[in-house]
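For reference, the structure is listed below as structure tokens.
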Amino acid sequence: MELFSLKDVSFAYEGNTVVSGLNFTVNSGDYICIVGENGSGKSTLVKGLLRLIAPQSGNISMGDDLKKNEIGYLPQQTPVQKDFPASVYEVVLSGRLSSREIRPFYTKADKAAALENMKRFGILELRNKCYRELSGGQQQRVMLARALCAARKILILDEPVAGLDPVATQDLYKQIYKINKEMGITILTVSHDIHSAVKYAGKILHLKNKQIFFGTTEDYVQSSIGAEYLGGGQND
């Protein structure tokens, strides 16, 4: 089932085109990694899919009756977010806000989902800890658990491993892979690390201010674009 379909889409800021020529589909169960150099339009595309910015041209359609409150989103962390003065439990539980509609309180189901996702990411014992006192890897697991509390069909992750050490990076990639395979949640993630992208993702979308590749990881590895970026040892 199609979740997103883009046809001849472009995005711009202040009249200047940032990324163009977007023609791809996101289907239920996909694990798609968006790769490209800094400034190539990756985060802009994510904002467009979240309807935070409108396309300059083209059309984005949402299928399978996809609603905003069925999308989990993990943005790039800012210094302000890293210093957030709340407990781990409060941060994770806040991911259920989008599903509360007009209810002024969290339900038992909301609280159970928060606890389950903390357990899933190995942070249940940290539930009463202050978020800002955690390590970078722990904070990202908390934010991923929060995003998963909001996700019913798709999880959109913008540079989820930025700033993490190699061990924490691989741990987080493995957790994301398990979410896709074991829960059936569609994953759309942005990464500058092409080598890790081809290790875990099923499909690759490569941007260079326009779409230069979209297809299976196997086809990407065998393509001239994949050979250029992987063979050259670049993590663009």
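The values are calculated or read from the model by the stated rules, or taken from the named source; none is laboratory data. Since the structure is predicted, the reported quantities are computational estimates derived from the model, not experimental observations. Quick reminder, even Gly has a Cβ in these numbers, built from the backbone with ideal geometry, and neighbours come from all protein chains shown.
Couple of notes before you dig in:
- Reported count of residues in the range 198-236, each being of a type in the set (A, V, I, L, M, F, W, C) and either farther than 22 Å from residue 20 by Cβ or not assigned by TED's automatic domain parsing to the domain that holds residue 29 (or both), is 5.
- Cβ pairs under 9 Å, 6+ apart, first in the range 209-231 and over 20 Å from residue 38 (Cα atoms), second in a helix (DSSP H, G or I) and among the charged types (D, E, K, R): 217/199
- Among the residues of the range 54-73, those identified as touching a residue at least 40 places away in the same chain (Cβ under 8 Å) and farther than 23 Å from residue 144 by Cα are 55, 56, 57, 58, 59, 60, 61, 62, 63, 64.
- Condition check for residue 150: crowded, with 17+ Cβ neighbours inside 10 Å and either without any contact (Cβ under 8 Å) to a residue 12 or more places away in the chain or within 20 Å of the chain's Cα centre (by Cα) (or both): yes
- Matching option when the condition is out of contact with any strand residue (DSSP E or B) (no Cβ under 9 Å at 6 or more places or on another chain) and not in a helix (DSSP H, G or I), among 164, 172: 164
- For the range 195-216, filtered to residues that are surrounded by fewer than 24 Cβ atoms within 10 Å (Cβ to Cβ) and among the β-branched types (Val, Ile, Thr), the residue that is farthest from residue 30 (Cα to Cα) is 212.
- Residue that is nearest to the chain's Cα centre (by Cα) [pool: residues in the range 176-196 that are at pLDDT 90 or above and in a helix (DSSP H, G or I)]: 176
- Test: residue in the range 208-227 that is assigned to a strand (DSSP E or B) and among the small types (Gly, Ala, Ser): yes
- Selection within the range 1-20 - of a type outside the set (S, T, N, Q), exposed (fewer than 15 other Cβ atoms within 10 Å of the Cβ) and over 30 Å from residue 183 (Cβ atoms): 8, 13, 14, 15
- Enumeration of residues in the range 126-170 that are among the β-branched types (Val, Ile, Thr) and at pLDDT 90 or above: 142, 154, 156
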